[in-house]
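Q: Supplied in structure tokens, the structure appears directly below.
The values are calculated or read from the model by the stated rules, or taken from the named source; none is laboratory data. Being a predicted model, the structure only gives us computed values, none of them experimental. Positions of Cβ are generated from backbone atoms using ideal geometry, with glycine treated the same way; all protein chains shown enter the neighbour counts. The accessibility values were calculated without ligands, DNA or RNA, using every heavy atom of the protein model including side chains. Shrake-Rupley method; radii C 1.70, N 1.55, O 1.52, S 1.80 Å.
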Amino acid sequence: MQKKRRERILSWILCMTLIVAMAMYTTGCSGKGSESEKAPAGTEQETDVQSLGEGEKKFDFTVVDADGNETQFEIHTDQETVGAALSELGVIEGEDSEYGLFVKTVNGITVDFDQDGKYWAFYVDGNYAESGVDVTPVTEGEHYSFQVE
């Protein structure tokens, strides 16, 4: 009789130990570090993604400035083209030309080729775009970006 009682208590203790171990394991693997575990000031950290707009279509958009700093967006829109979506949200501004929209300002940063010799380059999935931003259709799953070059 005492042997059964002892086995039952031992079984209960083992069960509780496993529950505590699993709880500690799941909280230890949450990926959220304390403030002291975060990267020191001045080092590159993962950027927050800003969500802009409303609509059925969604795409990722990144801005890379002249210093290489990246700003990431998740764009929601009902527009048909990337240019229309970004213009509607005020993310890009430019001038109409015979070749389409010539983008001069992205995310509030103006680059002037006549003054700096630099321009905003448009990329689709990491490749230099084959069409202008104003005629590039919004395609879910593709990543669009503007980079100073």
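Q: Just to be sure I understand, how many residues within segment 119-132 are loosely packed, with under 12 Cβ neighbours inside 10 Å and on the phi < 0 side of the Ramachandran plot?
A: 3
Q: Then there's this: Could you grab the pairs with beta carbons closer than 6 Å, sequence gap of 6+ or different chains, first residue in segment 131-148 and touching a residue at least 12 places away in the same chain (Cβ under 8 Å), second one in a loop (DSSP other than H, G, I, E, B) and open to solvent by 60 Å² or more (accessible area, probe 1.4 Å)?
A: E142/D125; H143/D125; V148/A66; V148/K118
Q: Just one of (1) farther than 19 Å from V135 by Cα; (2) modelled with pLDDT under 95 trips up V64, so point out which.
A: (2)
Q: Could you pull out every one of the strands (runs of 3 or more DSSP E) wholly within segment 38-149 that has 3 or more residues that are among the hydroxyl-bearing types (S, T, Y)? Steps first, answer last, please.
A: On the way: elements: 49-52, 57-64, 70-77, 92-97, 100-106, 120-124, 143-148.
No strands (runs of 3 or more DSSP E) qualify here.
Q: Which of (1) open to solvent by less than 90 Å² (accessible area, probe 1.4 Å); (2) in contact with a helix residue (DSSP H, G or I) (Cβ under 9 Å, 6 or more places away or on another chain); (3) among the charged types (D, E, K, R) does D116 not meet, given it meets every other one?
A: Condition not satisfied by D116: (2).
Q: Related question: I need a count of the residues in segment 95-113 that are surrounded by 10 or more Cβ atoms within 10 Å (Cβ to Cβ) and without any contact (Cβ under 8 Å) to a residue 24 or more places away in the chain.
A: Of all residues in segment 95-113, those surrounded by 10 or more Cβ atoms within 10 Å (Cβ to Cβ) come to 100-113.
Then drop every residue that is not without any contact (Cβ under 8 Å) to a residue 24 or more places away in the chain, which leaves 102, 104-105, 108, 110, 112-113.
Matching residues across segment 95-113 total 7.
Q: While we're looking at this one, here's another question. Conditions: (1) surrounded by 13 or more Cβ atoms within 10 Å (Cβ to Cβ); (2) in contact with a Lys or Arg (Cβ under 7 Å, 6 or more places away or on another chain); (3) more than 21 Å from E140 (Cα to Cα). D65 meets all but one. Number of the miss?
A: Answer for D65: the failing condition is (2).
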